[in-house]
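Working notes, structure below.
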Amino acid sequence: MNQILDWAQMAATNIGLFGVSFLAVLGLLVFVHEWGHYIIARACGVKVDTFSIGFGKEIWGFNDKHGTRWKVSLIPLGGYVKMFGDTDPASAGHVEGKELTEGERSVAFFAKPVGQRAAVVFAGPAINFIFAILVLAILYIFVGKPITPPQAMGVEVGGAADKAGFQPHDIVKSINGREIESFDNIKREVMIALDTEMNFVVERDGKEIELKATPKVVEEEDRFGFKHQLGFLGLIGPANGLDVTAISKINGRETGEDVNVIRQALVENMNKDLVLEMTGGKPGSSMRVRPPADLNKKIGDEKSPEHNALILGVRSGDEIRKMNPLMAVGEAVVDTGQIISDTLKALGQMITGTRSASELGGIIRIGAIAGDMAERGMIALATFTALLSINLGLINLFPIPMLDGGHLVFYALEALKGKPLSEKVQEYAFRFGLVVLVSLMVFANLNDIVQLIF
């Protein structure tokens with residue numbers, strides 16, 4: 001009985017943490033997105049009737065001096081800004097059968113020039129990107145960005161990097177022509193590439209050489225049960241170390257159980273290429289390394305807490321690089337662009353079948369990740385918020401009716417034709433868009449449920 005109560009208490013705590021974190025992050029990003037629409041609408045002289053966080057029945061709200069109703073609604077999975085003259089919050093139509101006064105027409109959204117309407121619609125996704133850039137920039141200024149040198153301190157025997165000719169201490173300078181400054185850049189490029197051949201320029205003994213490698217595809221499962229396909233190269237970064245007591249073979253020879261013998265063998269072979277096999281014999285447990293003698297002086301010193309740690313590279317791990325505001329904004333812009341590029345590439349892989357569509361997640365997965373980030377601390381949660389803001393802005397730009405991108409397509413066609421598309425065409429388009437969006441939401445959330453259960 002006590003175990004059941006403990007489990008129920010733990011479940012309630014997790015649901016509370018994950019639910020509150022999810023709603024807080026989503027509510028903030030929805031507000032940011034809709035505020036982008038709102039502020040540009042006001043700048044263009046449009047009267048805004050309603051600014052809602054959530055859908056459905058109002059649970060709290062107030063009217064401001066401009067006549068806008070600000071409210072929080074019952075279903076907290078989105079929001080909208082309804083502008084004067086529109087028949088619905090999606091701005092899919094406008095008031096018909098009613099003569100507007102000249103003053104009313106001057107503040108109606110549908111009566112504004114197509115350029116202003118496009119600016120109002122584009123402002124929502126745009127401010128999501130701007131918000132993400134600001135969050136990342138603030139983190140880089142006050143916390144710093146972790147930078148690990150892009151150097152391979154170990155190579156998995158038989159892995160993609162080993163077959164390509166990588167050696168310990170190779171420094172990766174570029175991948176597919178893109179400059180690399182951190183080991184995290186290597187992991188990010190490889191993870192999204194899956195099994196596509198990649199061109200590497202590496203520095204070895206002061207000379208640059210070119211290597212070609214095709215990452216192998218591995219499937220990883222996070223602690224919630226969600227599965228992800230990743231490209232895996234088989235390189236060990238500088239911040240990694242090995243537990244001496246877990247080494248079972250050195251250059252193919254059994255080490256035995258005497259840890260002192262293992263330490264002595266390592267000490268005698270510092271600065272040399274060694275093939276180490278770790279206990280368990282799992283894929284990736286055999287690796288080629290070249291441990292530096294100057295960083296491993298404490299091996300065998302029983303008084304040192306590091307006497308069983310084989311250090312492969314940078315002793316202190318990541319360098320935390322703080323930036324001035326100008327550098328931070330520039331770095332945040334680059335990172336935002338990279339995230340957008342990687343997201344589009346992953347979606348393209350799903351469309352072509354290279355990547356499983358089961359990775360498409362819904363609100364359950366987002367909530368789980370939000371809670372996980374909250375458990376790790378405010379910095380992790382802030383980083384996740386920036387990432388989600390980028391994805392929210394990007395998704396809203398997809399050319400699907402009902403989304404901002406669909407509206408922008410209509411406005412582009414209107415600008416080309418010199419007049420709007422017919423009401424009937426727009427009505428059918430928005431119905432189609434609604435079906436697409438509902439189908440995607442159902443599919444994504446079913447993905448989450450299936451992976452959680454099975």
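Quick notes
- Multiplying the residue separation of Asn63 and Asp273 by 0.36 nm and subtracting their alpha-carbon distance yields 68.4 nm.
- Taking Cα atoms only, the orientation of helix 404-417 departs from the longest principal axis of the chain by about 60 degrees.
- For the chain, the longest principal axis of the alpha carbon atoms and the long axis of helix 259-268 meet at an angle near 90°.
- Accessible area per residue in Å² at 1.4 Å probe, computed on the chain: 53
- Per residue, the convex hull spanned by the Cα atoms of the chain amounts to 211 cubic angstrom.
- The simple spin-label model puts a point 7 Å past each Cα toward its Cβ; for Leu434 and Ala415 those points are separated by 2.9 nm.
- Size of electric dipole in the range 324-394: Cβ of Lys, Arg +1 and of Asp, Glu -1, about Cα centre, debye, nearest 20: 160
- 3J(HN,Hα) from dihedral phi, the range 344-354, Karplus parametrisation 6.51/-1.76/1.60, rounded to Hz, x for glycine, proline: 5, 5, 5, 5, x, 5, 5, 5, 7, x, 5
- Using a Förster distance of 35 Å, the FRET efficiency for Leu452-Leu134 (Cβ separation, nearest 0.05): 0.55
- Overall form of the range 315-454 per C-alpha gyration tensor (a/c, 1.5; a/b vs b/c): oblate
- Residue-span extension gain [Glu302 to Gln264] - 0.36 nm each, minus C-alpha spacing: 12.4 nm
- Acute angle (nearest 10 degrees) that the helix 114-142 long axis makes with the longest principal axis of the chain, alpha-carbon atoms: 30
- Summarising the amide proton neighbourhood of Arg321: residues at separation of 5 or more, or on other chains, whose placed amide H is nearer than 5 Å comprise Lys145, Ile147.
- As a fraction of the 1.4 Å probe accessible area of the range 311-405, surface on carbon and sulfur atoms comes out at 69 percent.
- Signed unit charges on C-beta, dipole axis of the range 372-454, positive-most listed residue Val409, Ile395, Ala380: Val409
- Karplus-derived 3J(HN,Hα), 6.51/-1.76/1.60, for each residue of the range 59-72, Hz, glycine and proline x: 10, 6, x, 7, 9, 8, 5, 8, x, 8, 8, 9, 8, 10
- For Ser286, distant residues with modelled amide H under 5 Å away: Val157, Met278
- Using a Förster distance of 25 Å, the FRET efficiency for Lys249-Lys345 (Cβ separation, nearest 0.05): 0.05
- Surface composition of the range 115-268: carbon plus sulfur atoms contribute 52% of the solvent-accessible area (1.4 Å probe, protein chains only, all chains present).
- Residue ranking by accessible heavy-atom surface, 1.4 Å probe, largest first, among Trp35, Trp60, Trp70 comes out as Trp60, Trp35, Trp70.
- MRE, 222 nm, helices only [DSSP H, n ≥ 4, -39500 (n - 2.57), over the chain, to nearest 500]: -15500 deg cm²/dmol
- Signed unit charges on C-beta, dipole axis of the range 82-205, positive-most listed residue Val121, Ala108, Met198: Ala108
- Close amide-amide hydrogen proximity is noted between Lys216 and Ala160, Phe232, each under 5 Å apart and 5 or more residues distant or on a separate chain (H modeled in the peptide plane; Pro and chain starts excluded).
- Cβ-Cβ FRET estimate between Val20 and Ser106, R0 fixed at 41 Å, reported to 0.05: 0.40
- Extension gain (nm, one decimal) between Asp222 and Met378, 0.36 nm per residue minus Cα-Cα: 54.1 nm
- Computed about the Cα centre, the dipole magnitude for the chain is approximately 860 debye when only Lys and Arg (+1) and Asp and Glu (-1) carry charge, each at its Cβ.
The values are calculated or read from the model by the stated rules, or taken from the named source; none is laboratory data. Bear in mind the structure is a predicted one, so any value in this text is a computation, not a measurement. Note that we place each Cβ from the backbone using ideal geometry, even for glycine, and neighbour counts take in every protein chain shown. Areas reflect the complete protein model, heavy atoms only, side chains present, ligands, DNA and RNA absent. Shrake-Rupley method; radii C 1.70, N 1.55, O 1.52, S 1.80 Å.
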